[in-house]
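Any read-out appearing in this document is the output of simple, stated calculations on the displayed coordinates, not a laboratory observation. Remember, it's a predicted structure, so these values are computed and weren't measured experimentally. FYI the Cβ positions are ideal-geometry reconstructions off the backbone, even for glycines, and counts take in every protein chain you see.
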Amino acid sequence: MTSLLSVQGLSVSFTTYGRTAEVLKGVSLDVPQGAQVALVGESGSGKSVTMKAIMGLLPQPPARIHAGRIMFDGRDLLTLPERERVALRGTAMSMVFQDPMSSLNPVWTIEDQLSTILKYADRRLGRDRDRRGRRARVIEVLSQVRMRDPERVAGSFPIMLSGGMRQRVLIAMALLSEPRLLIADEPGTALDVTTQAQILKLLRDLVEAQGLALLMITHNLGVVRETSNYVYVMNKGEIVEEGPTADLFAAPRQQYTRDLIAAVPRLTGRVAT
Amino acid sequence: MEFLGFLARRLAWSLLVLVGLSVVIFVIARVVPGDPARMALGPRASAEQVTELQEKLGLNLPLYQQYGRFIGGLAQGELGQSLLTERSVNLDIRTTFPATLELVMATVIIAFLFGVPLGVAAARWKDSWPDNLVRAFAIVAAVMPTFFIALLLQVLAGYVLQILPTTGRLPTGTEFEADITGLLIVDGLLKGQLHVVFEAMRHLLLPALALSLATMGQMARITRASMIDVSRQDYIEAARAFGVPDRVRLFKYQLRPAFVPPLTIMGLEFASLIGGAFVVELIFSWPGMAAYGIRAITQKDLNAIMGVVMVSGLFFVLVNLLIDVLVGLVDPRIRIRGRRA
Ligand SMILES: Nc1ncnc2c1ncn2[C@@H]1O[C@H](COP(=O)(O)OP(=O)(O)O)[C@@H](O)[C@H]1O
Ligand SMILES: [Mg+2]
């Protein structure tokens, strides 16, 4: 299988108040076309920094990328001009944000926010779509994330929606421009367990149905089991173990991984289909 | 509908505050030493004349009865006679208040039109030179007393450069009756007399600028802080992650949610603006309520004092009600929840 995304030897440090901390130390991981890959590690291990480096969202400074390549579709993102980098955001790769309460703009309606994102994505892709076309697409993705009343949701402000609905909106946002890679950083951890399980199932179904590649970032191995076939385990900025998800659960090699497995909350129960 | 309830509650509170204000000012005006009747009649008046006037004014009655009379009049929109002008306070205020109102409104428009963009620029280029410049300006504008700015502008623009008039609302001898709203610019427009509008604006510019600098700095500061606060929100990062361009992010995603604090502070600023307007009016010979109010205070013209205070207070309340509506329009959370976040 060819890799859609391939991170190779990525090293990142943060310098704050004159102190430099090595946060990523030669991280390598691969996400093949259409595959479901998880990146798991305890809090502070560097997962979000990895995600931000891939998306080109690292604040530099304080962050600095010392070494490594981030190959996407055969091109190194780190040497790509900023313009082309931005052009990929939301279109080739997009993110599912973690916190449904804070990741939506409180003063604009859902339709407004999704249409704005779509408008500029269209513009970057040179696609011609008018207001009505955008509205139609917004309603379409809202139905894809199984909103019962997409028209009403589109006209709502975030505050009028429940946490679970807002998380669905965040997924819809990521799907708007038909990306090939979805990166989800701890989606739904702010939600109650049942809703979180529904969200994970929705994500898995969407990814399978649309043939997207998924990079699931989580601290919870229970989530890994639900959503991935292949898993990377990260500890203090390094990948310490990797393998097919089933194998990793069956025979973890590292004590760190065993601890993570032991820490799996029993709560991420499967949702009846 | 929560929003209407919210507005109604705010209005009820404000009216309560107005009543409180009227009591406090009423009592203070009466307990400070000095006999209004004696002051009005002058040192040569006989004791009988003074007593007669005191009785006419009801000054011999107990305080609560005097207040009762005042409220009774107020309920009918009657503020009583002024001892000094010997006209009804209503009439005096109707002739002076529009000038003050026009000055304060021009001030607010200038403060907002420049203050908010300055704050946005400072936040956008945080910690680099535009930010430093704006912050320095805000501090200087805040520490310089209004009278000093007013004099400085008057001397510089009025006498040294001689580009702008320094006194009054219109050139002397201008034939114009502002009998619709009392605001020269508005009435000039309504009557189609554009030269009046132009002259009125020229006369307004210096006093309004002098009065607006402190508020402008304040607006810039608040807008900057609020913009920076919002810039750290996840939804801004999210917009960036989806490739929404900088400009759109700055104005659409950041400024609108950041707009509530400057609006709210603007409402509160009106209190100090009315006070500051009095200073500016004296310096620029602006025929507003200031001269009237100050003379009323020094001469213990009780009805005039109460009139000026009540009109200023009511104006403040109405402006803040309007601001509550605007805040609701800007931020749907307040509209939907029916309260401030
Ligand atoms: N903006 C930043 N400034 C300084 N240090 C940071 C910043 N962002 C992340 N870090 C550091 O990088 C490390 C990894 O953080 P992160 O990737 O967010 O962990 P997680 O695996 O929980 O997502 C942490 O030790 C954190 O202190
Ligand atoms: Mg994280």
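Quick rundown of the values:
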{"item": "Degrees between helix A:193-210 axis and first principal axis of chain A (Cα, 0 to 90, nearest 10)", "result": "80"}
{"item": "Selected from A:180, A:123, A:135 as most flexible by GNM, with chain A as the system and alpha-carbon contacts under 10 Å", "result": "A:123"}
{"item": "FRET efficiency, residue B:55 to residue B:17 (Cβ-Cβ, R0 41 Å, nearest 0.05)", "result": "0.80"}
{"item": "Cα Rg over Rh - chain B, Kirkwood", "result": "1.04"}
{"item": "Longest site-free stretch - chain B; sites: GluC sites (Glu not before Pro), DSSP loop, at most 11 other Cβ within 10 Å", "result": "B:178-341"}
{"item": "Within chain B: Cβ-based charge dipole about Cα centre, in debye rounded to nearest 20 (Lys, Arg +1; Asp, Glu -1)", "result": "1160"}
{"item": "Model label zone, residue B:229; criterion: amide N under 15 Å from point 7 Å along Cα-to-beta-carbon; scope the stretch B:103-131", "result": "B:120, B:123"}
{"item": "Under 5 Å, built H, 5+ apart or other chain: amide partners of residue A:96", "result": "A:183, A:184, A:185"}
{"item": "In the stretch B:228-257, trypsin sites (Lys or Arg not before Pro) in a DSSP loop with at most 12 other beta-carbon atoms within 10 Å", "result": "B:232"}
{"item": "Modelled FRET efficiency - R0 25 Å, residue A:253 with residue A:193, Cβ distances, 0.05 increments", "result": "0.30"}
{"item": "All aspartates and glutamates inside 15 Å of residue B:300 as judged from Cα atoms, apart from same-chain residues fewer than 8 positions distant", "result": "B:35, B:86"}
{"item": "Per-q log10 I(q)/I(0), the stretch A:102-261, q = 0.17 Å⁻¹ (Debye; single scatterer per alpha-carbon; no solvent)", "result": "-1.01"}
{"item": "Cα pair count fraction exceeding 48 Å, expressed as % - the protein assembly as shown", "result": "36"}
{"item": "Rounded to 5, the percent of DSSP beta bridges in chain A classed as antiparallel", "result": "55"}
{"item": "Efficiency of FRET from Cβ geometry, residue B:2 and residue B:85, R₀ 51 Å, rounded to 0.05", "result": "0.60"}
{"item": "Amide H within-cut-off set for residue A:10, under 5 Å, with H built and near neighbours excluded", "result": "A:26, A:27, A:28, A:69"}
{"item": "15 Å beta-carbon shell around residue B:254, net charge (K/R +1, D/E -1)", "result": "+3"}
{"item": "All aspartates and glutamates inside 14 Å of residue B:191 as judged from Cα atoms, apart from same-chain residues fewer than 8 positions distant", "result": "B:175, B:177, B:179"}
{"item": "From phi via Karplus (6.51, -1.76, 1.60), per-residue ³J(HN,Hα) for the stretch B:59-74 in Hz, x at Gly/Pro", "result": "6, 7, 6, x, 4, 5, 5, 4, 5, x, 4, 4, 5, x, x, 4"}
{"item": "CD proxy at 222 nm, helix term only [per DSSP H run n ≥ 4: -39500 (n - 2.57); per residue of chain B; nearest 500]", "result": "-23500 deg cm²/dmol"}
{"item": "Too-long pairs where the Cα-Cα distance tops 21 Å, listed order kept, from A:119/A:201; A:47/B:252; A:47/A:236; A:47/B:126; B:126/B:252", "result": "A:119/A:201; A:47/B:252; A:47/B:126"}
{"item": "For the stretch A:7-16, 3J(HN,Hα) per residue [Karplus equation, 6.51 cos²θ - 1.76 cosθ + 1.60, θ = phi - 60°, Hz, x = Gly/Pro]", "result": "8, 10, x, 6, 10, 9, 10, 10, 10, 10"}
{"item": "Rounded tilt (10° steps) of B:302-330 against the dominant C-alpha axis of chain B", "result": "20"}
{"item": "The stretch A:175-186 - phi-based ³J(HN,Hα) in whole Hz, Karplus 6.51/-1.76/1.60, Gly and Pro as x", "result": "8, 2, 9, 6, x, 9, 10, 10, 10, 10, 9, 6"}
{"item": "Cα-based Kirkwood hydrodynamic radius, the stretch B:1-154, one decimal, Å", "result": "20.8"}
{"item": "Antiparallel content of DSSP bridges confined to the protein assembly as shown, in %, to 5", "result": "55"}
